[in-house]
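Please treat every number below as a calculation from the coordinates, not as lab data. Note that this is a predicted model, so its numbers are computed, not measured. Ideal geometry is used to build each Cβ from the backbone, glycine not excepted, and the neighbour counts take in all protein chains shown.
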Amino acid sequence: MGNVLLDFDPEAAVRRLPVEPAAQQLIKNTLFLAPEWVMYDRGDLTEDAMLAALSPRVPEELRPALRECLHSWHTTMLPLPGVKEFLQELKEKGFRLFVLSNASEQFWTYFPREIDVNLFDGVVVSCDVHLLKPDVRIYRHLLETYSLDAQDCLFVDDRADNLLGAKEAGIDGLQFTGDYDAVKKIVRI
């Protein structure tokens, strides 16, 4: 989902904070590069627990900015250019579409606001199943939940390591570089 359907750009999230650039970078590193971010995406930490764990890592005067970034980073998750038309075209051609995303509980706040969830035949979010890509189990969960045959699926992701997990589950993959026409070529539309 991130960087395939919606733009995931931590830099954009911290640039909006009313603090100096060095403080923005500290907040970005503290939030988005912390091991807790992975735990948050896996559903092992709530937003409040995440804030409690990360706050002591920044100076006290930056804690309000850290809190603001944690609460609102997802507002920068905007649809990539052409994505809505791309999804609509696939749907009109009869393709079944699924979301498989590493995302926190905030997914259900921002994703439906930006992309019509009704275009998808199913959604699996890591925080809901406590599994993360590229763990093969999350791909198998998707396949089993929606009775999909791995050989009939194409997994599109911006990260090569996530494609390896899909491959282990028997799903062909394409590393997305921003070119929806490359996806269309593979599915022959």
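Hey, what number do you get for the chain at 222 nm if only DSSP H runs of n ≥ 4 count, each worth -39500 (n - 2.57), divided across all residues, to the nearest 500?
Value at 222 nm, helices only, nearest 500: -13500 deg cm²/dmol.
How large is ³J(HN,Hα), in whole Hz, for each residue of segment 94-103 in order, when computed from phi with the Karplus curve 6.51 cos²θ - 1.76 cosθ + 1.60 and θ = phi - 60°, using x for Gly and Pro?
Once θ is set to phi - 60°, the couplings for segment 94-103 become x, 6, 8, 10, 9, 9, 10, 9, 7, 7 Hz.
Under a crude label model (7 Å from the Cα following the beta-carbon direction), how far is ASP7 from ASP116 in nanometres?
Result: 2.3 nm between the two label points.
What does the convex hull of the Cα atoms of the chain come to per residue, in Å³, rounded to a whole number?
Once divided by residue count, the hull of the chain is 112 Å³.
Full-extension gain between ARG57 and GLN88, please, as 0.36 nm times their residue separation minus the C-alpha to C-alpha distance.
Once the chain is fully extended between ARG57 and GLN88, it gains 6.8 nm.
Let a ≥ b ≥ c be the square roots of the eigenvalues of the Cα gyration tensor of segment 10-76; is it rounded (a/c under 1.5), or, if not, prolate (a/b larger than b/c) or oblate?
prolate
Using the Kirkwood radius over Cα pairs, work out the Stokes-Einstein diffusion coefficient for segment 62-174 at 10 °C and 1.306 mPa s, in µm²/s as a whole number.
Rounded, D is 103 µm²/s.
For Cα pairs less than 8 Å apart in space and 6+ apart in sequence, what is the mean separation divided by the residue count of segment 10-76, i.e. the relative contact order in percent?
45
Considering only SER126, ILE115, ALA34, whose Cα is most displaced toward the positive end of the charge dipole of the chain, charges sitting on Cβ of Lys, Arg (+1) and Asp, Glu (-1)?
Most positive-ward Cα: ILE115.
For PHE95, PHE86, what ranking results if the residue with the fewest other Cβ atoms within 10 Å of its Cβ goes first?
PHE95, PHE86
Taking loop as defined by DSSP and a crowding limit of 13 other beta carbons within 10 Å, which trypsin sites (Lys or Arg not before Pro) in segment 42-117 fit?
Qualifying residues, ordered by number: LYS93, ARG96.
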